[in-house]
Amino acid sequence: MIGRKAEGALSGACTVVVGCQWGDEGKGKVVDVLAKDAELIARYQGGANAGHTVHVGDRQVVLHQVPSGALHPGKRCLLGNGVVVDLGQLFDELDELDARGIDTSGRIGLSARAHVVFPYHKALDAATEEAAHRKIGTTGKGIGPAYEAKTARRGVRVADLLDPRRGAEVVERGLEWARRRLALLGADPALAGEAEQAIRVADRLPGLVADVGAEIADALAGGRRVLLEGAQGTALDVDHGSYPFVTSSNTTAGAAAVGVAIGPTAIDSVIGVVKAYTTRVGNGPLPTAFDPEMDERIRELGGEYGATTGRPRRCGWFDAPVAAYAARVNGLTGIAVTKLDVLDTLAEVRIATGYRLGGETGVAFPATDWELEGVEPVYETLPGWRSATTGARRLRDLPRQARSYLERIEELVGTPIAMVSVGTRRSQVITEL
Ligand code: IMP
């Protein structure tokens with residue numbers, strides 16, 4: 001039965017919220033719902049490629065760099081060492097929140113070890129895509145080049161910028177490298193920009209720098225709850241996703257501990273977020289893609305346009321092999337199913353229960369993009385519910401067919417459902433299961 005074994009999954013001391021598809025699962029909404037009972041909310045990876053859309057009252061707020069928890073007054077929000085931070089974007093978002101009457105002063109903390117994304121990383125992102133034989137379809141936010149610099153040990157960290165002289169030196173080295181790389185890629189080296197442009201906001205940093213791991217450890221020791229907010233999704237993880245059509249960080253729950261400087265034993269709950277169907281933005285295989293007519297219909301119903309780039313998302317049926325794989329890789333203790341209401345008007349709903357590849361059935365989420373391109377989903381068809389779920393606040397308010405759909409998802413993913421979201425508003429959620 002739905003939710004029975006998920007008891008407690010939403011009330012962990014230290015909970016990771018992780019995407020279990022190709023991103024855009026609605027993690028922002030889930031974090032927003034859970035944030036009211038947490039003291040600290042921390043992001044552990046990714047950067048401004050993320051787009052967390054949260055609706056508060058009549059207002060829609062899209063955050064790219066600031067954790068979604070920032071919308072809750074009084075909550076402290078941290079960006080861990082695993083994040084690559086676009087400081088211009090961060091300060092713009094903080095200013096916008098303040099302008100909307102959401103006071104963020106003293107509530108944001110940034111790890112000195114986090115790497116900084118500069119305009120030259122964005123120029124490199126664009127030039128690399130332009131020159132690539134197989135284009136990834138990145139968000140163009142400089143994420144890949146910033147993580148590449150980190151791994152190649154030529155990145156610039158927040159700590160470097162705290163000392164203006166040292167900051168100017170390391171940024172100039174980064175710029176010089178970027179100019180050479182741009183020239184090699186056949187792009188204009190001047191696109192790298194200038195040092196002043198790169199470090200224009202560094203003077204706002206000192207008040208923000210925090211020992212993220214220590215703050216989290218203190219909160220947990222004091223019996224206060226912590227949320228670790230993932231960006232993107234499991235199928236976009238650089239190790240576990242549909243490589244090479246992935247982002248450049250580990251998005252999965254294992255990365256949460258590393259990305260905020262705590263040990264894995266501190267985490268006691270992992271909520272995997274899945275949309276009631278599947279979407280993907282950017283290039284790469286999508287096994288359960290709809291036919292063009294359904295694709296258009298669900299895109300419009302679900303507002304499936306990238307929150308960061310505005311690109312239309314490709315849409316498809318619920319892909320259980322992806323979600324079951326994500327359940328294992330992330331060690332899920334519960335799942336949150338979002339956007340159930342988007343399916344309200346369908347006469348029938350389908351679920352891919354497995355993959356077939358080259359005559360073989362029961363194929364798991366494969367390691368290569370060419371195998372994933374070749375898999376044939378095995379579908380099961382269930383009756384639709386053809387009535388609005390948007391007003392449901394308890395499981396028993398849902399139509400019987402919608403409950404059966406959720407039960408089947410739960411069974412196939414092998415993880416109890418802990419939350420169901422039935423609309424964009426904060427209140428449109430079922431946590432009483
Ligand atoms: P990058 O992260 O900008 O390098 O983009 C790499 C891939 O990840 C592209 O397919 C992007 O569309 C995808 N991607 C990155 N961030 C998100 C996100 O927050 N939601 C969905 N897809 C994303």
Based only on Cα atoms, what mean projected area does the convex hull of the stretch 307-392 have, in nm²? 8.0
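At a Förster radius of 25 Å, what calculated FRET efficiency corresponds to the Cβ-Cβ distance of SER11 and ARG394, to the nearest 0.05? Working shown, then result.
Numbers: r = 18 Å, r/R0 = 0.71.
Once rounded, the FRET efficiency stands at 0.90.
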With only helices counted (DSSP H, runs n ≥ 4, each -39500 (n - 2.57)), the per-residue ellipticity at 222 nm for the chain, to the nearest 500, works out to -9000 deg cm²/dmol
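In the stretch 304-397, what percentage of the DSSP-assigned beta bridges are antiparallel, given to the nearest 5? The partial results should precede the final answer.
Values: 12 of 14 bridges.
Just about 85 percent of them are antiparallel.
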As a percent rounded to 5, the proportion of antiparallel DSSP bridges among beta bridges in the stretch 266-342 is 50
Solvent-accessible area, 1.4 Å probe, carbon plus sulfur percent, for the chain: 49
Counting Lys and Arg as +1 and Asp and Glu as -1 over every other residue whose Cβ sits under 15 Å from the Cβ of ASN250, the net charge comes to -2
Name the residue, out of VAL156, VAL54, VAL378, whose mean-square fluctuation peaks in a Gaussian network model built on the chain with Cα pairs under 10 Å. VAL378
Could you work out the per residue convex hull volume over the alpha carbons of the stretch 258-368, in cubic angstrom? 152
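Taking R0 as 35 Å, what FRET efficiency do you get between VAL56 and TRP177 from their Cβ-Cβ distance, rounded to the nearest 0.05?
Details: r = 42 Å, r/R0 = 1.20.
Once the sixth-power term is evaluated, E becomes 0.25.
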Rounded to whole Hz and in sequence order, give me ³J(HN,Hα) for the stretch 137-143 from the Karplus expression 6.51 cos²θ - 1.76 cosθ + 1.60, θ = phi - 60°, writing x for Gly and Pro. x, 5, 7, x, 8, x, 5
Note: probe point = Cα of THR309 + 7 Å toward Cβ; backbone nitrogen < 19 Å; residues of the stretch 93-131 passing the test are 117-131
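In units of 2.2 N^0.38 Å, what is the alpha-carbon radius of gyration of the chain?
Numbers: Rg = 21.2 Å, N = 433, 2.2 N^0.38 = 22.1 Å.
Cα-based Rg divided by the globular estimate yields 0.96.
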Stokes-Einstein D in µm²/s, Kirkwood radius over Cα pairs - the stretch 53-139 at 20 °C with 1.002 mPa s viscosity: 146
Pull up the DSSP beta bridges for the chain and report the antiparallel fraction as a percent, rounded to 5. 40
Mean-square fluctuation check for the chain, GNM, Cα pairs under 10 Å: which of ARG314, ARG225, ARG166 is largest? ARG166
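Give me the dipole magnitude in Debye, nearest 20, for the chain about the Cα centre, with unit charges on the beta carbon: positive for Lys and Arg, negative for Asp and Glu. Don't skip to the end; give the middle numbers.
Details: 50 positive and 55 negative charges, 115 e Å.
About 560 debye.
Test of understanding: what is the full-extension gain from GLU129 to GLN197, defined as 0.36 nm times their sequence separation minus their Cα-Cα distance?
Result: 22.2 nm gained on full extension.
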Simple SL model, points at 7 angstrom along Cα→Cβ for ARG165 and THR265; separation in nm is 4.4
Quarter of the Cα convex hull surface for the stretch 94-177, i.e. its orientation-mean projected area (nm²): 7.3
On a 22 Å Cα-Cα criterion, which of the cross-link pairs LYS27/LYS339; LYS29/LYS135; LYS29/LYS122; LYS27/LYS150 come out too long? LYS29/LYS135; LYS29/LYS122; LYS27/LYS150
Inter-label distance, nm, simple model (7 Å from Cα along the C-beta direction), VAL258/THR151: 1.0
Estimated distance in nm for a label pair at LEU382 and GLU411, the labels positioned 7 Å out from Cα along Cα-to-Cβ: 0.9
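Starting from the Cα coordinates of the stretch 224-292, work out the convex hull volume and express it per residue in Å³. List each step's numbers first, then the result.
Values: hull volume 7.5 nm³, N = 69.
It is 109 Å³ per residue.
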Over the chain, with neighbouring protein chains present, the accessible area per residue in Å² at probe 1.4 Å is 40
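Sum up the charges of everything whose Cβ sits under 12 Å from the Cβ of HIS64, counting Lys and Arg as +1 and Asp and Glu as -1, but leave HIS64 out.
Values: positive: ARG43, LYS141; negative: ASP86, ASP92, GLU93, GLU96.
Local net charge: -2.
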Mean-square fluctuation maximum in Gaussian network of the chain, Cα pairs under 10 Å, restricted to ASP86, ASP98, ASP211, hits ASP98
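The values are calculated or read from the model by the stated rules, or taken from the named source; none is laboratory data. No experiment lies behind these values; they were computed from the predicted model shown. Heads up, the Cβs are rebuilt from the backbone with ideal geometry, glycines too, and the neighbour counts pull from every protein chain shown. Side chains are part of the model used for accessible areas, which takes the heavy atoms of the whole protein and leaves out ligands, DNA and RNA. Shrake-Rupley method; radii C 1.70, N 1.55, O 1.52, S 1.80 Å.
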